1. Quick check on my filter: what residues within region 120-151 are aliphatic (A, V, I, L, M) and either under 18 Å from residue 188 (Cα atoms) or open to solvent by 70 Å² or more (accessible area, probe 1.4 Å) (or both)?
2. Run residue 27 past the list (1) open to solvent by less than 70 Å² (accessible area, probe 1.4 Å); (2) in contact (Cβ under 8 Å) with a residue 24 or more places away in the chain; (3) assigned to a helix (DSSP H, G or I) and report the number of the one that doesn't hold.
3. Against the definition (of a type in the set (A, V, I, L, M, F, W, C), open to solvent by less than 90 Å² (accessible area, probe 1.4 Å), touching a residue at least 60 places away in the same chain (Cβ under 8 Å) and over 30 Å from residue 5 (Cβ atoms)), how does residue 72 come out, yes or no?
4. Is it the case that residue 40 is touching a residue at least 40 places away in the same chain (Cβ under 8 Å), assigned to a loop (DSSP other than H, G, I, E, B) and of a type in the set (A, V, I, L, M)?
5. Among the candidates 165, 154, which residue alone is exposed (fewer than 12 other Cβ atoms within 10 Å of the Cβ) and modelled with pLDDT of 80 or more?
6. Can you find a residue in region 76-99 that is outside any helix (DSSP H, G or I) and either open to solvent by 80 Å² or more (accessible area, probe 1.4 Å) or among the aromatic types (Phe, Trp, Tyr) (or both)?
7. Among the residues that make up region 127-150, is at least one of them in a helix (DSSP H, G or I), within 30 Å of residue 10 (Cβ to Cβ), more than 14 Å from the chain's Cα centre (by Cα) and of a type outside the set (Asp, Glu)?
8. Give me a count of the residues in region 105-119 that are part of a helix (DSSP H, G or I), closer than 15 Å to residue 192 by Cα and not polar (S, T, N, Q).
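The values are calculated or read from the model by the stated rules, or taken from the named source; none is laboratory data. Just so we're clear, the structure is a prediction, and the values are computed from it rather than from any experiment. Cβ placement follows ideal geometry from the backbone for every residue including glycine, while neighbour counts extend to all protein chains displayed. Accessible surface areas use protein heavy atoms only, side chains included; no ligands, DNA or RNA. Shrake-Rupley method; radii C 1.70, N 1.55, O 1.52, S 1.80 Å.
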Amino acid sequence: GSLLISGMYADSIFQGLLVMSETRFLQTFPDQSGFRYFLIDTPVAKEKAVSDLLESRLSGFGFDADRVADRLADFLSVQNTYLSTFQTLGGLGLLLGTLGLATVMLRNVLERQGEIALLQGVGFRRWQLTSLLLWETASLLLWGLVSGTLSALSAMTPHLLGTGSDVPWVSGSLTLIAIFAIGMLASWAAIRAID
């Protein structure tokens, strides 16, 4: 017979398991018998006693009792391990990107020394040139940060709408502000370097 998957149990104790009625199960898998999971509703005060009783009496059948909260915590710990790994890699990428940004800003100003000297020759003052270059850097940084943020949010929209995930708005905003500040500082340092 055929088997149609009609849904998934995300963020539950059933994730990664196939859940179906016994009748359909026996039709689809006639060679399988018995049950592998039992859900037992027990008062919190009696959980330990019930768990010990079932494991001791049914040890010959390989019975192993787990609390639902512990099982969910195990699932989340695996997920959190992946997330922390990707956050670490993302942080390293961000650090390298920020250093690259500072280098590009410095090189941009240093390569434009002739242009800057010409502007000074026609009467632009030092503070006017500094202001002009900083505004140019700020507009480029803002355009890049806004377009990158909008792209990331559009890519994440299905996930955010599907699971109701909590977006780290504060830390994300602080990261964007830090990138902007580093870019501006690098540009300012480059401008100061061409005295």
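1. Result: 122, 129, 132, 133, 134, 138, 140, 141, 142, 146, 150.
2. (1)
3. no
4. Considered against the rule, which asks whether it is touching a residue at least 40 places away in the same chain (Cβ under 8 Å), assigned to a loop (DSSP other than H, G, I, E, B) and of a type in the set (A, V, I, L, M), residue 40 comes out as no.
5. Going through 165, 154 in turn, the sole match is 154.
6. no
7. Yes.
8. 8
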